[in-house]
1. No solvent, one uniform scatterer per C-alpha: report log10 I(q)/I(0) for the range B:94-182 via the Debye equation at q = 0.11, 0.13, 0.16, 0.23 1/Å, two decimals.
2. How high is the relative contact order of the range C:4-246, in percent, with contacts defined as C-alpha pairs under 8 Å that are six or more residues apart?
3. Identify which of A:18, A:87, A:50 has the largest mean-square fluctuation in a Gaussian network model of chain A, with springs joining Cα atoms closer than 10 Å.
4. As I understand it, the value is the acute angle between the Cα axis of helix C:140-154 and the longest principal axis of the Cα atoms of chain C; what does it come to in degrees, rounded to 10?
5. By counting other Cβ atoms within 10 Å of each Cβ, how are B:112, A:85 ranked from fewest to most?
6. Grab the DSSP H runs of chain C that are 4 residues or longer, score each as -39,500 (n - 2.57), total them, divide by all residues and round the 222 nm result to the nearest 500 deg cm²/dmol.
7. Let me know the Kirkwood hydrodynamic radius for the range C:78-185, please, with Cα pairs as the basis and the value in Å to one decimal.
8. Please give the per residue volume of the convex hull enclosing the alpha carbon atoms of the range A:28-94, rounded to a whole number of Å³.
């Protein structure tokens, strides 16, 4: 789609403003909302996956070596992962740093 | 157009009577219209129902204020409601009562044509209940045969199913026993 | 020709819904709508109608269920009155924006308070701007015919909008009168199966009823209003073809005894037929009077209305609803607006009457006519309105 949503005319909307591309929230970059980001200390991490379960945006994925990381395209920096981590392995760091 | 106002008490079937009359007219190919006095239904309270019959489409939808016929299902109504209000000059009051038309006319000071029948007795004997709506239809058609009495049999059967025969008998008896004082 | 049957209008309306072969009826009982849904529940229960009957816990749920039903591509029917409509209000607006072709009979009843169960048009006027197609009916036959018309129009892919059939509570719903039923073949010929554009289906996921951010909301609203405005063409066609099938022709605006009429009554709903008798009587007395009945309320038939009134000197608009603090009743307000830039600008008098089922007789309408003539003579362009028959006024 060459036009962005902001450019659609009323004639170009689907009937009832129905959205016919399933899962298009994938394209939505919520990473822009973030002012702090999670940083994992792999020495403390026990690979329990608690952060993966709690992440409200399903932004955390498991890496090949079994650790967990947040996808910065989606991570909003809410800090729930750091709060829930049983070993305090996750620290929220200012984006500026 | 013939306009009929029915007076009864909630639960006595005045609305059903109006409906059966309209249906018999419609089944004869005429136009019929029946409706209750609109509102909440309260058993025992004085109620009114209306029926119009005509050869052409009935367009008026307001209540009947100047009826040709007034049908009273319950004699006690006569003393609490002015049932003949607006009755046309040549109109007929048809009432359930154990008194004669003269006695009723005198007691209520009425000058209109009156037809009487002891519908409560007929209904008790035929139906085992003092519900006089179908009985009084016989009296009504005796007073003025604006539909063929036979046309009511179908609607009575549809409406009353297995107790239809009793109602038809009460209807026919009232037709025979009604006294016309005109 | 279909069979002519004497039946309460509520029951014949339900029979029409059966003939439309709806898939789901979700409704909550409220006077004076009750007999319609009671009869439908019987039809479903005894197997005459293969549909889901969902006795929901509120009108809000009735419309929500209908929304879901319609969104999966099934044919939905619901029915309410007055306070029930208020309770479903939120969803009434939403289903229009989602373009779900639900059909609802609104047994018109006044909005409380004082608490009232009787008829007037204040309920539908409270949702005048909800985006549904809205029609009024004069009699039981029109109600029956309009149910089949309603699905035909609402589900047309050019339209895809919900539709309200307004029928006067009690005055129509509780009257026994003859109605000519349709033959099954006629229904088949007239009403095609519902073919939705999009449906909710696990194999073909879509999002319906999503968020409309400010950058797209206005476009979404125009995309909703345009088809409503354009639906008039489809409505006219559907009424014309209904006439071709059953021999009864309906138009957005009906007229009666218009020949050289200087003064026209304008009515909505079941007042129409009674006023036609008033017109006959006044014509017999030598008055130059006719009648315009508005059947289509939304989209408002501006062209048809201007055409119908193009020769009139005076209009007497009868409203059965109030626009508190406004310029008369809702019908009069729209008519003034419709004629503001018209070539012909008749005097418009407006009477509000028949509120909460108060009986309006032929004599009352005659009084209204004479009062209107008096007012126009005194002050032709005065744009006021009058409550008819109110003690102390």
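1. -0.30, -0.41, -0.60, -1.05
2. Details: 458 pairs, mean separation 58.0, N = 243.
It comes to 24 percent, rounded to a whole number.
3. A:18
4. In chain C, helix C:140-154 runs at an angle near 50 degrees to the longest axis.
5. B:112, A:85
6. Details: 12 runs with 160 residues, N = 393.
Helices in chain C give a 222 nm mean residue ellipticity of -13000 deg cm²/dmol.
7. Numbers: mean 1/r = 0.0698 Å⁻¹.
For the range C:78-185, the Kirkwood estimate is 14.3 Å.
8. On the way: hull volume 4.9 nm³, N = 67.
About 73 Å³ per residue, rounded to a whole number.
Each value in this text was obtained by applying a stated rule to the coordinates, not by laboratory testing. Worth saying up front: this structure is predicted, and the values here are computed from it rather than measured. Note that each Cβ is placed from the backbone with ideal geometry, even for glycine, and that neighbours are counted across all protein chains shown.
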